[in-house]
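The block underneath contains the structure these notes are about, expressed in structure tokens.
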């Protein structure tokens, strides 16, 4: 209970507590109660934004920044490719000291968890905890990750970055990387973190492929999910559609760049794969010119798919939205070259009371060069994400306080008053 609050009880002995009974009043005026929180009218979002979802009534009132227009930064924000590339190369990267923990997984693999240095001593054990999942080949050093980390830290949240196998310098100890289909590591990280901080509410934010993995995790875990809320950013959602667009026009530049990054990671650990037989095509993976070639030579075989298309079809998080039972905010850019607008599962988001979608007219991929900190500062999305997460955390604390108060009332029932 908050400091300064008191309960209407009076002490009659040193041992027993009983409710104070107010004197009867005649013709007392009716007391008007405020409407339930979910019935309060939400502020009107600006028409420059597309907003929909079954959870809008619950979440939109907390996102007050959405009443203002989305204004892309001049010139940079006018072209999706310029914005994507600018954000990748020229966005500032906050300086944050991190402490690395290598977590051994059940299959003898390993992932790297980067915690903010010193927070284990400075923050109370019940501080809300935020897990960050970067995109394909991304890690703790990416600017968009660091900006989100710094913002959450400034609000008193405990933050860690989940670096997938081989990403962000995470070790690779078995002949298997991570993939859009594999949720084992995510399950183990959430369980590990929840065991370490059992009094904390857990939340997660994912970008791009990390967002796809996060949403699939929410759908798989459904009612048993240990997360109290999540945010998906630049999620490709439908990997079949994303793959189709990846091979069009300028998008080939991103395809080749990501394939090159995958090959570099693979070559660092090539000795682990040298005796792999069966359908593996190690030369193809090692020299892939596209993400699809890498997935064909290695990924889809590692995870038991008969073809790349089979892998993409069965690993798309668009299939999982209908099963999500955790509060989920999805933010997409209409002109995203890597996460196509037409792949967003709008109807399933509309039908799910736990989900809300925001689509900005511009933003590119992992860009969103707009808002008060543009062009070199944090993405436009960061304040929205934090408002959403803090709204959920306040709800959790209010629910906890209410249940405690009800428990006090219940425990007082049946007491006999002893006058002394």
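No lab work stands behind these numbers, since they all come straight from the coordinates. Note that the coordinates shown come from a computational prediction; the quantities given were computed from them, not determined experimentally. Every residue, glycine as well, gets a Cβ built from its backbone with ideal geometry; the counts of neighbours run over all protein chains shown.
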Q: Work the Kirkwood hydrodynamic radius out for segment 182-317: mean of 1/r over every pair of different alpha-carbon atoms, inverted, in Å.
A: 16.5
Q: Sticking with the crude label model, points 7 Å out along Cα→Cβ, report the distance from residue 276 to residue 101 in nm, one decimal please.
A: 2.9
Q. When a footprinting reagent is the concern and you count Cβ atoms within 10 Å, what order do 253, 161 take, fewest first?
A. 253, 161
Q) Does segment 242-315 come out rounded, prolate or oblate, given a ≥ b ≥ c as the square roots of the eigenvalues of its C-alpha gyration tensor, rounded meaning a/c under 1.5 and, failing that, prolate meaning a/b above b/c? A) oblate
(Q) What distance in nm separates the two pseudo spin-label positions at residue 322 and residue 79, each 7 Å out from Cα along the beta-carbon direction? (A) 4.2
Q) So how do 150-156, 186-192, 382-388 stack up, highest first, on mean other-Cβ count within 10 Å? A) 382-388, 186-192, 150-156
Q: Would you mind ranking 309, 108 by Cβ crowding within 10 Å, fewest neighbours first?
A: 108, 309
Q) For segment 162-222 and segment 90-126, what is the separation of their C-alpha centers, rounded to whole Å? A) 13
